[in-house]
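Student: I have a structure here, written as structure tokens, and I will follow up with some questions on it.
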There are 4 protein chains.
Amino acid sequence: MNQQYETCIEACNDCADACDMCAAACLQEEDVKMMARCIALDVDCAQLCRVAAAMMARGSAAAKVVCEACAAICDMCAEECAKHQMEHCQRCAAACRRCAAECRRMASA
Amino acid sequence: MNQQYETCIEACNDCADACDMCAAACLQEEDVKMMARCIALDVDCAQLCRVAAAMMARGSAAAKVVCEACAAICDMCAEECAKHQMEHCQRCAAACRRCAAECRRMASA
Amino acid sequence: MNQQYETCIEACNDCADACDMCAAACLQEEDVKMMARCIALDVDCAQLCRVAAAMMARGSAAAKVVCEACAAICDMCAEECAKHQMEHCQRCAAACRRCAAECRRMASA
Amino acid sequence: MNQQYETCIEACNDCADACDMCAAACLQEEDVKMMARCIALDVDCAQLCRVAAAMMARGSAAAKVVCEACAAICDMCAEECAKHQMEHCQRCAAACRRCAAECRRMASA
């Protein structure tokens with residue numbers, strides 16, 4: 001039953017890792033102030049992605065609800081990250097977009 | 001700004017504690033099988049309540065989205081817990097109902 | 001059984017909220033760069049405090065191990081926050097110190 | 001800098017997924033009572049593994065402390081899961097052992 005979630009779980013774990021890495025890298029940029037919104041969204045997105053992965057792995061009755069919320073946060077984080085040219089931001093934006101698409105697919109399955 | 005969230009943060013923390021306590025107590029009941037759905041929802045609800053508290057404490061751009069999802073899980077958990085007469089389930093059901101109401105208030109603020 | 005944990009659970013929830021609030025407030029300071037280490041430790045400390053609260057509420061076999069790790073992170077976060085005069089940092093430092101003391105008491109109980 | 005963590009992050013994510021899947025599968029076993037300790041440890045282990053992955057991805061100052069605690073929980077969970085013949089328990093035990101070894105390597109690096 002949980003196998004149907006496998007691709008989405010993997011996308012959530014990848015996105016969470018990319019967001020946490022991006023948050024840490026942003027905090028070490030020369031102009032941290034410019035990255036403030038990116039850092040905040042990275043932390044939020046990483047946290048909810050890890051919960052979404054957990055819910056799906058447990059085949060939770062609430063998995064779809066959380067995936068829907070996760071897709072919304074991923075969209076916000078992708079949009080912000082895409083504005084910055086640093087490799088960690090571009091990598092994070094791509095992971096967020098992929099995760100948003102997977103979560104949306106799950107939420108409407 | 002985060003002060004507007006204070007009552008809801010407290011309700012989320014209380015609900016998370018009540019759910020985690022209920023999950024552990026259910027696992028020690030004589031008839032664990034009867035409590036299986038309660039345990040699963042307790043774990044889910046506790047996890048999302050802690051994330052909702054975190055998002056609100058950070059004044060997150062995604063706080064409302066997460067509060068909405070949290071209210072939905074709280075409803076499910078309250079409905080299941082209310083079926084069982086044990087004190088830990090009744091206490092958890094009450095905490096879930098209060099948290100659902102607070103989260104709904106936040107989500108629509 | 002979990003009642004013995006109650007004071008420590010409350011200290012962990014308070015500390016997590018104070019850390020998450022401090023992280024968000026630091027990100028809105030004029031000189032964000034000066035707050036970079038504070039933000040990073042706030043996020044770490046909040047996250048582990050919420051897990052420690054969850055473990056204690058579940059009467060987990062691993063509660064002491066996690067409380068010990070939590071005390072160590074609280075010490076680091078308190079030390080950093082104490083360097084900054086902003087009210088959110090001073091409040092966070094106090095919450096971290098109280099949480100470290102409670103977690104240490106639990107870990108050695 | 002975070003690349004040194006990559007293998008361990010992957011082991012933590014895999015272990016968290018295996019533990020969450022095992023918890024859900026145990027709750028659907030005929031004899032749930034026999035699985036009570038396994039379920040409790042699965043939930044604990046999954047939760048801390050996800051935090052350890054997050055801490056490493058952020059290159060956290062507390063990553064080693066959390067990895068050490070994570071290894072301890074993984075040991076407990078592996079020992080319990082290994083007692084049960086179900087495929088989900090055996091798979092989880094293997095993931096826990098691998099994660100414990102990786103976390104121990106990180107903690108002493």
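Student: Take residue B:106 and tell me if it is more than 14 Å from chain C (Cβ to nearest Cβ) and more than 12 Å from the chain's Cα centre (by Cα).
Tutor: So residue B:106 passes the test.
Student: Mind counting the residues in the stretch B:75-87 that are more than 11 Å from every other protein chain (Cβ to nearest Cβ), surrounded by 18 or more Cβ atoms within 10 Å (Cβ to Cβ), part of a helix (DSSP H, G or I) and not aliphatic (A, V, I, L, M)?
Tutor: 1
Student: While we're here: Suppose the filter is more than 30 Å from residue B:37 (Cβ to Cβ), modelled with pLDDT of 95 or more, part of a helix (DSSP H, G or I) and out of contact with any Asp or Glu (no Cβ under 8 Å at 6 or more places or on another chain); does residue A:90 pass it?
Tutor: yes
Student: Also: Out of B:43, B:51, B:65, which single residue is within 13 Å of residue B:107 (Cα to Cα) and either in a helix (DSSP H, G or I) or at pLDDT 95 or above (or both)?
Tutor: From the options B:43, B:51, B:65, the qualifying one is B:65.
Student: Within the stretch A:26-56, can you find the residues that are surrounded by fewer than 24 Cβ atoms within 10 Å (Cβ to Cβ), touching a Cys at 6+ places or on another chain (Cβ under 8 Å) and touching a residue at least 40 places away in the same chain (Cβ under 8 Å)?
Tutor: none
Student: May I pose another question? Would you mind finding the one in C:16, C:72 that is facing another protein chain (nearest Cβ under 9 Å), out of contact with any Ser or Thr (no Cβ under 6 Å at 6 or more places or on another chain) and surrounded by fewer than 24 Cβ atoms within 10 Å (Cβ to Cβ)?
Tutor: It is C:72.
Student: Tell me, please, whether a residue that is under 28 Å from residue B:45 (Cβ atoms), over 15 Å from the mean Cα position of the chain (by Cα) and either assigned to a loop (DSSP other than H, G, I, E, B) or polar (S, T, N, Q) (or both) can be found in the stretch D:31-38.
Tutor: Checked against the condition, which is being under 28 Å from residue B:45 (Cβ atoms), over 15 Å from the mean Cα position of the chain (by Cα) and either assigned to a loop (DSSP other than H, G, I, E, B) or polar (S, T, N, Q) (or both), the stretch D:31-38 yields at least one hit.
Student: If you don't mind, there's one more thing I want to ask. Spot the failing condition for residue C:59; the list is (1) at negative phi; (2) buried (at least 18 other Cβ atoms within 10 Å of the Cβ), and only one is missed.
Tutor: (1)
Student: Mind counting the residues in the stretch D:58-70 that are farther than 14 Å from residue C:41 by Cα and among the aliphatic types (A, V, I, L, M)?
Tutor: The qualifying residues number 1.
The values are calculated or read from the model by the stated rules, or taken from the named source; none is laboratory data. Quick caveat, the model's predicted, so the values are computed rather than measured. Here the Cβ is made from the backbone with ideal geometry for all residues, glycine too, and neighbour counts use every protein chain on show.
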